[in-house]
Amino acid sequence: MNGILSIYKREFTSYFVTPVAYVFIVIFLFMTGVFTFYLGAFYESNQADLEPFFRFHPWLYLFLIPAISMRLWSDERKSGTIELLMTLPVSITDTVVAKYLAAWSFTAIALSLTFPMWITVNYLGNPDNTVVLASYIGSLIMAGGFLAIGSCISALTKSQVIAFVISVVICFMFILSGFPMVLDLFEDWAPQAVIDAIASFSFLTHFTSIKKGVIDIRDVIYFAALITFWLYVNVVIIENKKAN
């Protein structure tokens, strides 16, 4: 446990040593504002809720989360510090989990800094704060799914740019699988069970469900299984790199 905490602290602190963390947070807050008040037509809807705010989170995370995760392992491999990291008395599994949790904690801080949105909507009306809280929780869990994919891909290459691009493509596929336009392609010939199975892989399907204020155990299991799977593959990749 001490090993995990040490790596976690090292990784988490590293975000704030350089301006990267602050630039990311500023961009994240700026983009959430743009999407909510302009593209989301917050004021035009005449409703005191944060649905326009959360509606665009999957698309924000599609690019911003890979920007965080691309350096997790690529930077270690490029600088050669991964060899030093592997000599520490900590298992590879613990190292992967610690680095992942550090990135997730940083994402949670960026998300928490949007709390003025919540205050604003309560000032303007009487929103269902239970729905808002569930949406925040769902957004953070979904971000964890994006991060797990990005962390795994980062372990495959020394190039942060390549890690970023591949992560975006894979995450986009997970979003797109629940998109009505994609599901319509299967509607005419595929059984409903197949269509439901394809939709069940989508971030949109599960996050949309949580946004309604109901945290279904099936949605939690989906994200937990997704995160566990990609972190497991992450561990396997690092172990193979170490063996070679």
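Give all pairs with beta carbons closer than 6 Å in which a residue from the stretch 172-186 that is closer than 8 Å to residue 202 by Cα and of a type outside the set (S, T, N, Q) meets a residue that is part of a helix (DSSP H, G or I) and modelled with pLDDT under 75; count only pairs at least 6 apart in sequence or on separate chains.
Final answer for the pair search is 176/182; 178/199.
Of 202, 209, 159, 105, which residue is within 30 Å of residue 71 (Cα to Cα), of a type in the set (S, T, N, Q), touching a helix residue (DSSP H, G or I) at 6+ places or on another chain (Cβ under 8 Å) and at pLDDT below 85? I'd like the intermediate steps shown before the answer.
Working: 209 fails: within 30 Å of residue 71 (Cα to Cα); 159 fails: at pLDDT below 85; 105 fails: at pLDDT below 85.
When all the criteria are applied, what remains is 202.
May I ask you to verify whether residue 113 is more than 14 Å from the chain's Cα centre (by Cα) and in contact (Cβ under 8 Å) with a residue 40 or more places away in the chain?
Yes.
The values are calculated or read from the model by the stated rules, or taken from the named source; none is laboratory data. Quick caveat, the model's predicted, so the values are computed rather than measured. When we count neighbours, we look across all protein chains shown, and the Cβ atoms used for this are built from the backbone with ideal geometry, even at glycine.
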